[in-house]
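Inspection log for the structure reproduced underneath, given as structure tokens.
The values are calculated or read from the model by the stated rules, or taken from the named source; none is laboratory data. Since this is a predicted model, take the numbers as computed values, not measurements. FYI the Cβ positions are ideal-geometry reconstructions off the backbone, even for glycines, and counts take in every protein chain you see.
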Amino acid sequence: MNYRKFVSVTITLLLVVATLGLASAKSVNDEQRQRKSTTMEPLNLAVLIQDDVVSQVSNELGVTRDFIKSLPQGSRVMVGYITAGSLQVRQPFTTDLDQAARSLRVPISSVSSAPYNPYVEVLEALKKFQSEWSNANAVLLVSDGLDTSRGFDSTAAGHTLDLERTITEANKRHVSVFSFFAPSVGLSSHSRLAASYGQSSLNRLGDETGGEAFFQGSTGFVTFDSYFNRLRETLNRQYAKAT
């Protein structure tokens, strides 16, 4: 009798293990199918870096290069720096992703390189997207987002003339603007209020152009690793193609 019970229990356990194994295999296969079904379409992407961001941003060039090189084949990338007086284009739009990645340089990280505000030169970059391109268009902006052209007060945060013009131009050209907040060596690295004003502007820019702003906290600096992970998830979801 005991022998029969032992055999019965053993068979039951084997059936449970087999069922769990099949369920696990199904889960893996479903996950693989899901990943395949969310392969990202090629992009036209402008990577814009504000030249007076804090020097810690230079430590993130490696992950930024890796991101550029990981874009789908057929993507076009431009690399530019938002600096005092003008937009410095280091690499015009190219499908050579390795070349675009190599064009990244260390930011100057000095108040002497501070732009009037980032949006004047984002606006300039938007005009370099060509209407005949068939890929989706996006900007990745690394900036503190701060525009003090109308003064430094709560009524100006997120509502400056150049920000309004940038949103209008981005929507006209069907460009989604994504941003990574990084404090500059000026106000936004010393003032929590200035940082929050800049983040408010970046949030609005993302919300109203179909993009997104990424940041953690109102001051200080964190690595871009988590930002790129979240950006990849967003791009895969937003620009997915069936495979």
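On the given criteria, is Leu202 closer than 14 Å to Asn117 by Cα, surrounded by 22 or more Cβ atoms within 10 Å (Cβ to Cβ) and assigned by TED's automatic domain parsing to the domain that holds Gln50? Yes: the conditions hold for Leu202.
Pull out all pairs, ordered by first then second residue, where Cβ-Cβ is under 7 Å, the residues are six or more apart or on different chains, the first lies in the stretch 100-120 and is assigned by TED's automatic domain parsing to the domain that holds Ser200 and among the aromatic types (Phe, Trp, Tyr), and the second is in a loop (DSSP other than H, G, I, E, B) and at pLDDT below 90. Close Cβ pairs (under 7 Å, with a partner that is in a loop (DSSP other than H, G, I, E, B) and at pLDDT below 90) amount to Tyr116/Ser149; Tyr119/Asp147. Among the residues of the stretch 83-111 satisfying the criterion of being closer than 18 Å to Gln73 by Cα and out of contact with any helix residue (DSSP H, G or I) (no Cβ under 8 Å at 6 or more places or on another chain), which is surrounded by the most Cβ atoms within 10 Å (Cβ to Cβ)? Going through the qualifying residues, I end up with Phe93. When Leu161, Leu140 are checked against the criterion of being in the same structural domain as Ser226 (by TED's automatic domain parsing) and either touching a helix residue (DSSP H, G or I) at 6+ places or on another chain (Cβ under 6 Å) or crowded, with 20+ Cβ neighbours inside 10 Å (or both), a single residue qualifies: Leu140.
Consider the stretch 90-119. How many of its residues are among the aliphatic types (A, V, I, L, M) and more than 19 Å from Phe178 (Cβ to Cβ)?
The first filter runs over the stretch 90-119 and keeps only residues among the aliphatic types (A, V, I, L, M), leaving 97, 100-101, 104, 106, 108, 111, 114.
Within this subset, residues satisfying the condition of being more than 19 Å from Phe178 (Cβ to Cβ) are 106, 108, 111, 114.
Adding up the residues that qualify gives 4.
Need a quick list: helices (runs of 4 or more DSSP H) entirely within the stretch 47-151 having at least 1 residues that are of a type in the set (Val, Ile, Thr) and under 16 Å from the mean Cα position of the chain (by Cα). Give the derivation first.
On the way: elements: 61-69, 97-102, 118-126.
So the answer is 61-69, 118-126.
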